[in-house]
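Colleague: Pasting a structure here, questions to come.
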Amino acid sequence: MAKKQFKTESKRILDMMINSVYTHKEIFLRELISNASDAIDKLAYRALTDNTVALAREDFAIELKIDKEARTLTISDNGIGMSAEELESNLGVIARSGSYAFKNDLTEQEKEDKTVEIIGQFGVGFYSAFMVADKVQVISKKFGEDGANIWESAGADGFTVKAAEKAEAGTDIILHIKPDSEDEHYSDYLETYQLRSLVRKYSDYIRFPIKMLIEKSRPVETDEVDENGKKRTKYETYTELETVNSMVPIWQRPKSEVSDEDCAAFYKEKYFDAEAPLKVIRIEAEGLISFKAMLFIPGSMPHGYYTKDYEKGLQLYSNGVMIIDKCDALLPEHFCFVKGVVDSDNLSLNISRELLQHDKQLRVIAANIEKRIKRELKKMMEDEPETYDKFFKLFGLQLKHGMVANFGAHRELLSDLMIFSSAKSDKMITLEEYAAAMPEEQKYIYYACGESLSKISALPQIERLRAKDFDVLCLTDEIDEFVVEVIGDVDGKKFKNVNRDDLELETEDEKKETDQKNEDNKALLDFVKETIGGELSAVRISHKLVSHPVCLTSDGPITLEMEKYFALMPGENKPKAQRVLELNADHAVFASLKAAFETDKDAAEKYAKILYAQALLIAGFQLDDPAGYAEMVCSLLK
């Protein structure tokens, strides 16, 4: 039979289909299985009204067959099949989709009821076979016809269609796999393990069974006996036709049929996590964009999280076919720890079925997902505080970065998910809990920053607050201070940093007394500032200190903790705080400093430097010259 040319009459277009449209060669199997599923769906649909279709739904299947010697891979289905004319029109015209035409012929009610689920719509998926095969044969027998036909092509040069033998209706696609090259190992597609892996990756939820011959082993008794007189056992290898896809995804099953244990088992198997998720979130959204989702909040830190190599995203499915493995557009950065799947049957896919044509659809789904995750986290915080504490220890830092990102654009969404350690209760509390427990006379939400709870609890600045039974939030992450700056207030209560702000605990008489002490000791304070040099912007008598002699605070917009945070960033000319050394005028050490200032300036300089060094250490800074500090202390001990 004479070779026929493709109707497009363009080798360039077919070359583009093979080499440019698809990102990965392995996609070919997904496309051919999807076509087989469509063919079965068409016959299953016909069976609803045609008594001549003898097959029940459980009889339909797709089968993969490997012949390593012949280097062929066959994808077979027992679906509707194609006539000679349909082989020529569907496979001889690039970008003509019989499935698309079939779908358009369905009534609106049939589409809504999902009586039939047709996947294909562009008519180019079949040609992905040429990415891995140098020749493709399609043997097909249309249901209701006596004869079969074979379509054959070696690529863009054309194709032939002629009569063939085939007993039952359906289609066999025979791929003659290309020889291996330096760059490509095509023989992988003749390995059972590789094909099974690809089925599970892309086509696991095709709703018809995908079967393969799987090699197995089993014990067999022999006539030989061991020293105890028992028959020895040996293992023999055999093959068995096995269904390798799950067919009905767990997220598509009714909630009443899926237990929490089922969801946890699915999560652990799919994401290789030994620990069950902290939360399972199931979504069934109806509307302009309908979709189902099963999301998981992990119970342990994902591998590589908080590294640049970590890839966020949800698996995106359409009609049981995996479209995108990690669709990052479905998750905002602040919730990138969430894992799971999203399945929608009304997505507008591009020609390769690897990407979406309309970003708006993704944005609608993503907005819905974001709101639901927030709602579930808030519910966890209120109903399961211990679980939420565990979650926050794992992913609280992610929420905090989300708070400060884009100049606080997500403040409203995330602020009520924040929890901080309480100095009074020694546990994590919400900002609402802090505000509700404030004594009537307390005007502000006080917080302190430091490397750890123990170091914050030892800060001299919080003694006066403790004496008044005011709680202090302990902020131990470098980003925490930026977070409270973004939050701003809670029910009108503003934040106050014990290391920077006036705590406003003094009476008017006490303020006047402190001002007078600063005035009376001006010469001494100026001497200390001059002794330390340019590192200090001010030295003053403190109204915060009770039993400690000294502390370090700051003036201006940059705090001590912000200075530490900026110090970790790359680059030069990093912002620094305007450091303030505060002295306790009622402490014995201050009396010694004052006496030395009046009688021994050298000793006074040592006192000043030692007090500044102590203030730096208490504030969590490293000393530039630890040995010099030790020597000064020793000189005063002689």
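Colleague: State whether one or more residues within segment 499-522 are over 29 Å from Pro575 (Cβ atoms), modelled with pLDDT of 95 or more, touching a helix residue (DSSP H, G or I) at 6+ places or on another chain (Cβ under 9 Å) and open to solvent by less than 70 Å² (accessible area, probe 1.4 Å).
Modeller: yes
Colleague: Going through Lys606, Lys564 one at a time, which residue ends up being of a type outside the set (Gly, Ala, Ser) and in contact (Cβ under 8 Å) with a residue 60 or more places away in the chain?
Modeller: Values: Lys606 fails: in contact (Cβ under 8 Å) with a residue 60 or more places away in the chain.
Residue meeting the stated conditions: Lys564.
Colleague: Does any residue of segment 574-597 turn out to be open to solvent by 40 Å² or more (accessible area, probe 1.4 Å), among the polar types (S, T, N, Q), more than 28 Å from Glu504 (Cβ to Cβ) and without any contact (Cβ under 8 Å) to a residue 12 or more places away in the chain?
Modeller: Scanning segment 574-597 turns up no residue that is open to solvent by 40 Å² or more (accessible area, probe 1.4 Å), among the polar types (S, T, N, Q), more than 28 Å from Glu504 (Cβ to Cβ) and without any contact (Cβ under 8 Å) to a residue 12 or more places away in the chain.
Colleague: Shifting gears a bit: I'd like the full set of residues that are more than 11 Å from the chain's Cα centre (by Cα) and not in a loop (DSSP other than H, G, I, E, B), limited to segment 287-318.
Modeller: Scanning segment 287-318 gives Phe291, Lys292, Ala293, Met294, Leu316, Tyr317, Ser318.
Colleague: Say whether the condition of being in contact (Cβ under 8 Å) with a residue 60 or more places away in the chain and either over 18 Å from Ala588 (Cα atoms) or within 49 Å of the chain's Cα centre (by Cα) (or both) is met by at least one residue in segment 501-514.
Modeller: Yes, the conditions are met somewhere in segment 501-514.
Colleague: Answer yes if at least one residue in segment 154-163 is in contact with a strand residue (DSSP E or B) (Cβ under 9 Å, 6 or more places away or on another chain), within 15 Å of Thr72 (Cα to Cα) and without any contact (Cβ under 8 Å) to a residue 40 or more places away in the chain, and no otherwise.
Modeller: Yes - at least one qualifying residue is present in segment 154-163.
Colleague: Another one. Is there a residue in segment 52-68 that is assigned to a loop (DSSP other than H, G, I, E, B), exposed (fewer than 13 other Cβ atoms within 10 Å of the Cβ) and at pLDDT 90 or above?
Modeller: Restricting attention to segment 52-68, the residues satisfying the condition of being assigned to a loop (DSSP other than H, G, I, E, B) are 52-56, 60-61, 68.
Now narrow it down to the ones that are exposed (fewer than 13 other Cβ atoms within 10 Å of the Cβ): 52, 54, 56, 68.
Keeping just the survivors that are at pLDDT 90 or above gives 68.
There is at least one residue in segment 52-68 that is assigned to a loop (DSSP other than H, G, I, E, B), exposed (fewer than 13 other Cβ atoms within 10 Å of the Cβ) and at pLDDT 90 or above.
Colleague: Of the conditions (1) in contact (Cβ under 8 Å) with a residue 24 or more places away in the chain; (2) open to solvent by less than 80 Å² (accessible area, probe 1.4 Å), Ala274 satisfies every one except a single condition; which number is it?
Modeller: Only one criterion is unmet by Ala274, namely (2).
Colleague: Going through segment 523-538 one residue at a time, which ones are assigned to a helix (DSSP H, G or I) and either more than 15 Å from Ala595 (Cα to Cα) or among the acidic types (Asp, Glu) (or both)? Break it down stepwise before answering.
Modeller: Initially, segment 523-538 is screened for residues assigned to a helix (DSSP H, G or I), giving 523-532.
Those that are assigned to a helix (DSSP H, G or I) and either more than 15 Å from Ala595 (Cα to Cα) or among the acidic types (Asp, Glu) (or both): Asp526, Lys529, Glu530, Thr531, Ile532.
Colleague: For segment 357-387, enumerate the residues that are of a type in the set (Lys, Arg) and open to solvent by less than 60 Å² (accessible area, probe 1.4 Å). Give the derivation first.
Modeller: Step one: filter segment 357-387 for residues of a type in the set (Lys, Arg), giving 360, 363, 371-372, 374-375, 378-379.
Matches in segment 357-387: Arg372, Lys374, Lys378.
Colleague: Another question, if that's okay. Out of Met301, Met294, report the one residue that is of a type outside the set (Lys, Arg), closer than 29 Å to His401 by Cα and open to solvent by 60 Å² or more (accessible area, probe 1.4 Å).
Modeller: On the way: Met294 fails: open to solvent by 60 Å² or more (accessible area, probe 1.4 Å).
Answer to the check: Met301.
Colleague: Out of all the residues in segment 544-567, which are in contact with a Ser or Thr (Cβ under 7 Å, 6 or more places away or on another chain), over 17 Å from Gln622 (Cβ atoms) and either part of a helix (DSSP H, G or I) or open to solvent by 30 Å² or more (accessible area, probe 1.4 Å) (or both)?
Modeller: Start the filter on segment 544-567 by keeping residues that are in contact with a Ser or Thr (Cβ under 7 Å, 6 or more places away or on another chain), which leaves 551, 555, 560.
Filter once more, so that each one left must be over 17 Å from Gln622 (Cβ atoms): 551, 555.
Correct list: Asp555 only.
Colleague: Here's another thing I want to ask about it. Would you mind stating whether Glu31 is at pLDDT below 90 and closer than 25 Å to Leu213 by Cβ? Walk me through how you get there before you give the answer.
Modeller: Values: at pLDDT below 90: yes; closer than 25 Å to Leu213 by Cβ: yes.
Answer is yes for this residue.
Colleague: Can you tell me how many residues within segment 568-625 are part of a helix (DSSP H, G or I) and under 24 Å from Leu459 (Cβ atoms)?
Modeller: Quick first cut of segment 568-625, residues part of a helix (DSSP H, G or I) only: 588-599, 601-618.
Those still in the list that are under 24 Å from Leu459 (Cβ atoms) too: 588-593, 607-618.
Within segment 568-625, residues that are part of a helix (DSSP H, G or I) and under 24 Å from Leu459 (Cβ atoms) number 18.
Colleague: Restricting to segment 228-244, what's the tally of residues that are assigned to a loop (DSSP other than H, G, I, E, B) and open to solvent by less than 100 Å² (accessible area, probe 1.4 Å)?
Modeller: Step one: list which residues in segment 228-244 are assigned to a loop (DSSP other than H, G, I, E, B), which gives 228-230, 244.
Add one more test, that the residue is open to solvent by less than 100 Å² (accessible area, probe 1.4 Å), and what stays is 229, 244.
Going through segment 228-244 one residue at a time, the tally reaches 2.
Colleague: Could you list, in sequence order, all residues of segment 325-356 that are modelled with pLDDT of 80 or more, touching a Gly at 6+ places or on another chain (Cβ under 8 Å), within 23 Å of Met247 (Cα to Cα) and open to solvent by less than 30 Å² (accessible area, probe 1.4 Å)?
Modeller: Cys327, Asp343
Colleague: Scan segment 267-286 residue by residue and report those that are under 20 Å from Glu376 (Cα atoms) and under 19 Å from the mean Cα position of the chain (by Cα). Outline the logic, then answer.
Modeller: Restricting attention to segment 267-286, the residues satisfying the condition of being under 20 Å from Glu376 (Cα atoms) are 267, 275-286.
Within segment 267-286, Tyr267, Glu275, Ala276, Pro277, Leu278, Lys279, Val280, Ile281, Arg282, Ile283 qualify.
Colleague: In segment 112-142, how many residues are at pLDDT below 95, part of a loop (DSSP other than H, G, I, E, B) and either touching a helix residue (DSSP H, G or I) at 6+ places or on another chain (Cβ under 6 Å) or of a type outside the set (A, V, I, L, M, F, W, C) (or both)?
Modeller: Result for segment 112-142: 11.
Colleague: Taking Asp38 as the residue in question, decide whether it is in contact with a helix residue (DSSP H, G or I) (Cβ under 6 Å, 6 or more places away or on another chain), at pLDDT 95 or above and buried (at least 19 other Cβ atoms within 10 Å of the Cβ). Explain how you work it out, then say what you get.
Modeller: Working: in contact with a helix residue (DSSP H, G or I) (Cβ under 6 Å, 6 or more places away or on another chain): yes; at pLDDT 95 or above: no; buried (at least 19 other Cβ atoms within 10 Å of the Cβ): yes.
Criteria not met by Asp38.
The values are calculated or read from the model by the stated rules, or taken from the named source; none is laboratory data. Not measured: the values here are computed from a predicted model. As a convention, Cβ positions derive from the backbone with ideal geometry for all residues, glycine included, and neighbour counts pool all protein chains shown. To get the accessible areas, we keep the full protein, side chains included, count just its heavy atoms, and leave off ligands, DNA and RNA. Shrake-Rupley method; radii C 1.70, N 1.55, O 1.52, S 1.80 Å.
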